[in-house]
1. Report the residue count in the range 23-37 for those that are more than 13 Å from the chain's Cα centre (by Cα), surrounded by fewer than 12 Cβ atoms within 10 Å (Cβ to Cβ) and in a loop (DSSP other than H, G, I, E, B).
2. Look at Ser94 and say whether it is of a type outside the set (Phe, Trp, Tyr), over 23 Å from Lys35 (Cα atoms) and surrounded by 11 or more Cβ atoms within 10 Å (Cβ to Cβ).
3. Taking helices (runs of 4 or more DSSP H) that fall entirely within the range 38-130, which contain at least 1 residues that are closer than 26 Å to Thr10 by Cα and aromatic (Phe, Trp, Tyr)?
4. Counting just the residues of the range 101-130 that are of a type in the set (D, E, K, R) and touching a helix residue (DSSP H, G or I) at 6+ places or on another chain (Cβ under 9 Å), which one comes out surrounded by the most Cβ atoms within 10 Å (Cβ to Cβ)?
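No value in this document is a laboratory result; all are computed from the given coordinates. Since this is a predicted model, take the numbers as computed values, not measurements. For neighbour counting, all protein chains shown are included, and Cβ atoms are generated from backbone atoms with ideal geometry for every residue, glycine included.
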Amino acid sequence: AVDEQKQLQTMAAKKISGIQDDLVIIDTHAFISTKEGFYPGLPYHVLEVLKPANFVAVSARPEEIYNRRMKDNTRNRDIISIDQIKKELAVQDSMLSSCVVLTGSPLKSIMNTEGKVEEAALEVINAIGL
């Protein structure tokens, strides 16, 4: 339920914000699907606690996402169409746009093209200034 998700996010954000390292990378999703609809992975109350300096979105073309999901035997996934994946990518873009507007932090979008994971990883490293 969304209320439980909010509590978990708040607990995680407080714990993460207490980390004293120079660089903290948070790997999360822009949203989760709930019975109530799409729920943000980084709602405002979490952004207020975390105060992120950068956002890096790693994604792929809808067809690649579809093919990867169909080949992935390690998880039980809902079967969704390429059109549904396109909708999810649009929701992701909207969620991330809201995050960068609310925080004033830059957003770097990176394509994780099939067979080019090293290039995508290098782009992530460059985006966060390492």
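1. Residues flagged as more than 13 Å from the chain's Cα centre (by Cα), surrounded by fewer than 12 Cβ atoms within 10 Å (Cβ to Cβ) and in a loop (DSSP other than H, G, I, E, B) within the range 23-37 amount to 3.
2. On the way: of a type outside the set (Phe, Trp, Tyr): yes; over 23 Å from Lys35 (Cα atoms): no; surrounded by 11 or more Cβ atoms within 10 Å (Cβ to Cβ): yes.
When the stated conditions are applied, Ser94 does not pass them.
3. Details: elements: 44-50, 62-71, 82-103, 117-127.
Hits in the range 38-130: 44-50.
4. Restricting attention to the range 101-130, the residues satisfying the condition of being of a type in the set (D, E, K, R) are 108, 114, 116, 118-119, 123.
Narrowing the set further to residues that are touching a helix residue (DSSP H, G or I) at 6+ places or on another chain (Cβ under 9 Å) leaves 108, 114.
Values: Lys108: 14, Glu114: 11.
Looking at the filtered set, the residue picked out is Lys108.
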